[in-house]
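The values are calculated or read from the model by the stated rules, or taken from the named source; none is laboratory data. Keep in mind that this is a model prediction, so the values were computed, not measured. All Cβ positions, even for glycine, are placed from backbone atoms using ideal geometry, and neighbour counts span all protein chains on display.
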């Protein structure tokens, strides 16, 4: 089976100037004095992963472990510095809920704008509008400017758009941490139906129970490398234990570098 | 790691992204821009809607602004400075609305960089949509400002020449030029935050170097070179002559304008495609 996502020895390095030089004036001054120094920051270091269509994969790790960079790499926002990334299928990124929403525009106008940001035509979005609004439970508010919405309402709208567009691969980054319990339940429900439809879901979360319950597989990242890749219960437990007493994660227990492809459901 | 076969193209129309097989950036960006044309449309709509929301006069501002401008400049230039220009209001407005189109769309391309890079760092969007939408907003405003121009034609009893049919060609050439300049500005502004301020000053100076409020004949011989080296001098003429003089621009003028616009457009596009992404990640 062709993997939905395949990373071959991928590294992402960011070049970070020691001092931020944002203006042409400063740049010219530095250039004349020949003082330009960069730090290289290795966000991902030689990662090889295969994710098959229909897998649900949770990504865990501390802040700065490379989780978000991984999603950006898959969403083709960040190009790899080395290695190769191959993604087969339409991706719906759910990186930050509410990104690209405009407060002065109405809910309806924002749905069309969000759809366009995800690469969909106006006609397609108009056909989906009713269903999106219904799922988000915003029937009475859809023609009000969204600056009048609560955080939860905005989150529902954004999640509804991103998941209604029928992607093959859904990328979820901490998106479920907003909203009330009912909203979170609905989101998880929808992810469940994605999974049953054989779609690939990648979930980045600090909420370990969420990963354990919703993902079959989990990958633990630490400082840009894969520490553990396997069954989500095992990986989240190992991560949890390590979190209580952080040390060298590689030293905790045997590493599973090349997890055999997990059975599909 | 198993070496599963990877198809070169997605089978059955499934989109495929392969970081190792990106091909020519110039073509890739063009294809991406085309497939995101709906976004360009939405961004233009958003800009126009947001600008006029919560304002009493709404879209009429776009039509009122050139009129007010015209009244002020007519007072200064024909009454006080006693310039000898036949029907100054029409002369000025033809140049001014075209200039406004150019200046607005290019400055907006330079101003959008920060916001749009924030967006493009989180989800995949071809960055050229932001330059395209800046041009699109300018174009909508240009079309709207034809209304006050027609009003002035009627009010001053100025003839509506048949040569107006040439205007789409003139606008097309300015659009190419503005897009080229916009691509350069967007790319520079991704790297340096002060480009926007510098350009706003530059564009103000450029306005006075272009014969819009004055007639080119008053430019002294020793400054003629500054006129000839200014692409906007030719572009304003291709737009003004069909409206104001009732004649088509000479074929030499058209050829020069087209060549300049095409050259700037392609240079800007190629530069943009090669550097915009890189600059955006240099934080």
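Odds and ends about this structure:
- Residue B:227 being more than 20 Å from residue B:176 (Cβ to Cβ), assigned to a helix (DSSP H, G or I), in contact with a helix residue (DSSP H, G or I) (Cβ under 8 Å, 6 or more places away or on another chain) and away from chain A (no Cβ under 14 Å): yes
- Residue A:209 meets all of the listed conditions (1) surrounded by fewer than 18 Cβ atoms within 10 Å (Cβ to Cβ); (2) modelled with pLDDT of 85 or more; (3) not in a helix (DSSP H, G or I) but one, namely (3).
- In this structure, residue A:142 does satisfy being assigned to a loop (DSSP other than H, G, I, E, B), surrounded by 14 or more Cβ atoms within 10 Å (Cβ to Cβ) and more than 9 Å from chain B (Cβ to nearest Cβ).
- When we screen A:89, A:64, A:58 for residues that are within 11 Å of another protein chain (Cβ to nearest Cβ), under 29 Å from residue A:217 (Cβ atoms), in contact (Cβ under 8 Å) with a residue 12 or more places away in the chain and within 16 Å of the chain's Cα centre (by Cα), the only hit is A:89.
- Members of segment B:123-137 that are touching a residue at least 60 places away in the same chain (Cβ under 8 Å), over 18 Å from residue A:79 (Cβ atoms) and more than 10 Å from chain A (Cβ to nearest Cβ): B:130, B:131, B:132, B:133, B:136, B:137
- Residue list for segment A:169-204, restricted to those being surrounded by fewer than 21 Cβ atoms within 10 Å (Cβ to Cβ) and part of a loop (DSSP other than H, G, I, E, B): A:174, A:178, A:180, A:197, A:198
Matching residues to (1) crowded, with 23+ Cβ neighbours inside 10 Å; (2) closer than 18 Å to residue B:117 by Cα; (3) facing chain B (nearest Cβ under 7 Å):
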{"residue": "A:77", "(1), (2), (3)": "no, yes, yes"}
{"residue": "A:83", "(1), (2), (3)": "no, no, no"}
{"residue": "A:105", "(1), (2), (3)": "no, no, yes"}
{"residue": "A:119", "(1), (2), (3)": "no, yes, yes"}
{"residue": "A:124", "(1), (2), (3)": "no, no, no"}
{"residue": "A:153", "(1), (2), (3)": "no, no, no"}
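- Test: residue in segment B:79-86 that is touching a helix residue (DSSP H, G or I) at 6+ places or on another chain (Cβ under 7 Å), more than 14 Å from every other protein chain (Cβ to nearest Cβ) and at pLDDT below 90: yes
- Selection within segment B:182-199 - within 14 Å of another protein chain (Cβ to nearest Cβ) and touching a helix residue (DSSP H, G or I) at 6+ places or on another chain (Cβ under 6 Å): B:184, B:185, B:187, B:188, B:189, B:190, B:191, B:192, B:194, B:195, B:196, B:199
- Only one entry of B:110, B:120, B:103 meets the criterion of being modelled with pLDDT of 80 or more, within 19 Å of the chain's Cα centre (by Cα), within 14 Å of another protein chain (Cβ to nearest Cβ) and within 27 Å of residue B:182 (Cα to Cα), and that entry is B:110.
- Which listed residue is at pLDDT 85 or above and part of a loop (DSSP other than H, G, I, E, B), from A:54, A:115: A:54
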